[in-house]
Amino acid sequence: MNVEIYTDGSARGNPNGPGGYGAVLRYTDPSGTVHERELSGGFKKTTNNRMELTAAIEALKRLNRPCEVDLYSDSQYLVNAFNQHWIDGWKKVNFRRGKKDPVKNPDLWEQLLEAAAPHRITWHWVKGHAGHAFNERCDKLATAAADGPEETLAVDSGVEEEDGVSE
């Protein structure tokens, strides 16, 4: 099955403000009917890059069988990691850059690799806030999730643990 996935992430007061992700999954069934599913979620304290990765992870996790995926994101961080093969190098050196510095967000990169593994994914970069309909929709989903009531926002354990405030 061929699936299109559009993703976006947002963080207010980046880094370490409230944030959210949004995704739209689209596929056409054999009868020609187009199906769409929207996903979103918000976090109390996070970063924009973490939300960009989370959007892709959550969307890929919703696929219940191996698919041909065209994934569209306005995050060069996400798209270039695959298209420029940064991720391959990071995996070889246990998610480190150079001899000492860890790659940021290794927990999410590992989750993304696991979610992506069953699929053949083509990664596409789209310019954000440039009128691309699905990117704009994902942005609205992500910002609405970030702006949700505090009691509905989840804890981003990757950020909370870094700060020593794990809940």
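Here are the numbers for this structure:
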quantity	calculated
Filter pass, Ser31 being more than 19 Å from Thr122 (Cβ to Cβ), part of a strand (DSSP E or B) and polar (S, T, N, Q)	no
In the stretch 116-132, residue surrounded by the most Cβ atoms within 10 Å (Cβ to Cβ) [restricted to those that are more than 14 Å from Ala81 (Cβ to Cβ) and of a type in the set (A, V, I, L, M, F, W, C)]	Val126
Hey, Lys99 part of a loop (DSSP other than H, G, I, E, B) and surrounded by fewer than 20 Cβ atoms within 10 Å (Cβ to Cβ) or not	yes
Residue in the stretch 150-157 that is touching a residue at least 12 places away in the same chain (Cβ under 8 Å), among the charged types (D, E, K, R) and crowded, with 18+ Cβ neighbours inside 10 Å present	yes
Conditions (1) modelled with pLDDT under 95; (2) part of a strand (DSSP E or B): number failed by Phe43	(1)
Verdict on Val24 being assigned to a strand (DSSP E or B), hydrophobic (A, V, I, L, M, F, W, C), over 14 Å from the mean Cα position of the chain (by Cα) and at negative phi	no
Inter-residue pairs, beta-carbon under 6 Å, first over 22 Å from Arg137 (Cα atoms) and in the stretch 63-74, second not in a strand (DSSP E or B), 6+ apart	Pro66/Pro118; Pro66/His119; Cys67/Met1; Cys67/His119
Only listed residue being in contact (Cβ under 8 Å) with a residue 40 or more places away in the chain, surrounded by 14 or more Cβ atoms within 10 Å (Cβ to Cβ) and on the phi > 0 side of the Ramachandran plot, chosen from Asn105, Asn135	Asn105
Conditions (1) closer than 26 Å to Arg62 by Cα; (2) in contact with an Asp or Glu (Cβ under 9 Å, 6 or more places away or on another chain); (3) assigned to a loop (DSSP other than H, G, I, E, B): number failed by Pro118	(2)
Flag if Leu63 is touching a Leu at 6+ places or on another chain (Cβ under 9 Å), farther than 22 Å from Asn16 by Cα and part of a loop (DSSP other than H, G, I, E, B)	yes
Test: residue in the stretch 125-135 that is at pLDDT 95 or above, basic (Lys, Arg), within 18 Å of Val79 (Cβ to Cβ) and not in a helix (DSSP H, G or I)	no
Residue that is surrounded by the most Cβ atoms within 10 Å (Cβ to Cβ), among those in the stretch 69-96 that are hydrophobic (A, V, I, L, M, F, W, C) and in a helix (DSSP H, G or I)	Leu78
Residue in the stretch 26-56 that is farthest from Glu4 (Cα to Cα), counting only those that are surrounded by 22 or more Cβ atoms within 10 Å (Cβ to Cβ) and of a type in the set (A, V, I, L, M)	Met51
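The values are calculated or read from the model by the stated rules, or taken from the named source; none is laboratory data. No experiment lies behind these values; they were computed from the predicted model shown. Heads up, the Cβs are rebuilt from the backbone with ideal geometry, glycines too, and the neighbour counts pull from every protein chain shown.
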